[in-house]
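Below: the structure, in structure tokens.
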Amino acid sequence: MPRAYALLLENVHASATEVLGEHDVEVRALPKGLKEDELIAALSDFPGDEPCMVGIRSKTHITPRVLESVPRLMAVGAFCIGTDQIALDEARRRGVAVFNAPFSSTRSVAELVIAEVVILSRQIFSRSKAAHEGRWDKSAAGAHEVRGKTLGIIGYGHIGSQASILAEALGMRVLFYDIDKRLPLGNATSVSSLAELLGSSDFVSLHVPDTELTRGMIGAAELAQMRSGAFLLNLSRGKVVDIPALRDALVSGHLAGAAVDVYPREPASTKDPFESELRGLDNVILTPHIGGSTQEAQANIGREVAHALGHYLDQGSTLGCVTLPPLDLSSPASSRRAEASRIVNVHHNVPGVLSAINRVIAESGVNIVGQALATTDDVGLLFIDLPLSRDDQQVQTLESAISSLTTSVRTRLLRL
Ligand code: NAI
């Protein structure tokens, strides 16, 4: 009997099956997404009463009804960045852990940024188009090396800092602007204002999240602050740049070109048409949100999410979890004892809950060798490490007593 079952949908990369197998999880994989009823039926079809997990990408929706209908569903893996397709509040209330992969495509995006910096600088698009049309536009006019030019990075997080290292390897000078204090890598230099970065860069590349502060952060005024003949790259989020203002700056010749991968409105499917005010401008590279779309990123996503699911199954670790508070303890009890177990308890975060749980254990006479708690507003996650084997009758009685408390949402007993 496996320790858990997983249903992986939508062609999740095979790396996930491999990693889950190492955690003794039996995987069923399907290439397509499933509708609500099909999903409930597929998850209810696993034998035995071991817990189950589901791995999805963007097409399958984890609705409140799915969560309610499959109580043995302990975790959801979103093998992608977004989690809009999952009823997160309901999952948290039911103690279902949801993991995603926010950083697996970092390198893929950074590489595309560098490629586009060179392509823009050498006018590759218009030259290639001309060659395809039978014209031999061989002139060096307007074409430049990127060595010695300045790349200004807005948002020096995972992607921004990777792009910084790659750009320096090409001999570029790197400036960055971030609202948080960030350690400059290599010879990159932090600047204290957006205006300073815009006015000092030959290429400006955006790597910020979509927040109230970043929405519309590059509009007509900011574009005017950029150097004449500079280039703008946006592979972050669509609403960060005011697209009509960017079009004006490109048409007027103030900016020499742009590369855009993300848009305020993106087609919902490959069948829907793509509309943008930037279409038709030959100094603009338009890509269909493919910054992170590589085989390597897919394999990384498969591994990253499967590792998170596996650690949650084995140790209760919720690092990187979108729904439950972060808690990670590398088995303190097991390092000292041959036999040890952990009760993982998700509970309603109300006064008195801890004393009720500890009273149950105190009355049993079993000593607690490790305990850790993390909470959100409405939910608490508690680890209780005990110096007895998971197979010990006393531990199993404790788990079921804690599980039956009215404050408990979900309780599991792990072997450490
Ligand atoms: P990250 O969270 O590691 O870094 C974001 C950085 O932006 C942080 O250092 C943060 O302090 C900074 N920041 C936030 N607000 C700011 C502001 N108002 N001004 C200046 N800096 C600010 O994120 P990561 O992984 O580097 O991703 C960056 C962006 O790239 C995200 O929007 C993400 O959605 C997008 N992305 C796009 C992909 C694509 O396919 N084109 C693929 C993966 C990510």
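Remark: the stretch 267-276, residue by residue, has Karplus-estimated 3J(HN,Hα) of x, 6, 9, 5, 7, 7, x, 9, 10, 7 Hz, where x stands for each Gly or Pro and the curve is 6.51 cos²θ - 1.76 cosθ + 1.60 at θ = phi - 60°.
When a/c is below 1.5 the answer is rounded, else prolate if a/b is larger than b/c, else oblate, so apply that to the stretch 182-250 with a ≥ b ≥ c taken from the square roots of the Cα gyration tensor eigenvalues. Oblate is the answer for the stretch 182-250, as a/c is 1.5 or above yet b/c matches or exceeds a/b. Legend: translational diffusion of the stretch 106-286 by Stokes-Einstein, Rh = Kirkwood radius over C-alpha pairs, 25 °C, 0.890 mPa s; D = 148 µm²/s. Taken one residue at a time, the phi angles of the stretch 93-102 give Karplus couplings (6.51, -1.76, 1.60, θ = phi - 60°) of 4, 8, x, 8, 7, 10, 10, 10, 10, x Hz. Gly and Pro are set to x. Taking amide H positions as modeled 1.01 Å from N, with prolines and chain starts lacking one, the residues under 5 Å from Leu388 and 5 or more places away or on another chain are Ser341.
Among beta bridges identified by DSSP and lying wholly in the chain, the antiparallel ones come to about 35 percent. Near Leu8, the amide H atoms lying under 5 Å from its own belong to Arg28, Ala29, Leu30, Gly55; only residues 5 or more places off or on other chains count, and H is placed 1.01 Å from N.
About the centre of its Cα atoms, the stretch 234-312 shows a dipole size close to 140 debye [charges on the beta carbon of Lys, Arg (+1) and Asp, Glu (-1) only; nearest 20 debye].
Computed over the chain, the P(r) tail beyond 28 angstrom holds 57 percent of alpha carbon pairs.
The value for the stretch 260-416 of Rg(Cα) / (2.2 N^0.38 Å) is 1.55. Each of Leu194, Pro31, Ser128 was scored by the projection of its Cα onto the charge dipole of the chain, and the greatest displacement toward the positive side belongs to Ser128; charges sit on the C-beta of Lys, Arg, Asp and Glu.
What does the helix-only formula give at 222 nm for the chain: each DSSP H stretch with n ≥ 4 adding -39500 (n - 2.57), the total divided by the residues, and the result rounded to the nearest 500 deg cm²/dmol? Computed mean residue ellipticity for the chain: -9500 deg cm²/dmol. Taking amide hydrogens as placed 1.01 Å from N in the peptide plane, the amide H of Ser190 sits under 5 Å from those of Phe176, each at least 5 positions away in sequence or on another chain.
No value in this document is a laboratory result; all are computed from the given coordinates. These figures come from a predicted structure and were not determined experimentally. Please note: Cβ atoms are built from the backbone with ideal geometry, for glycine as well, and neighbour counts cover all protein chains shown.
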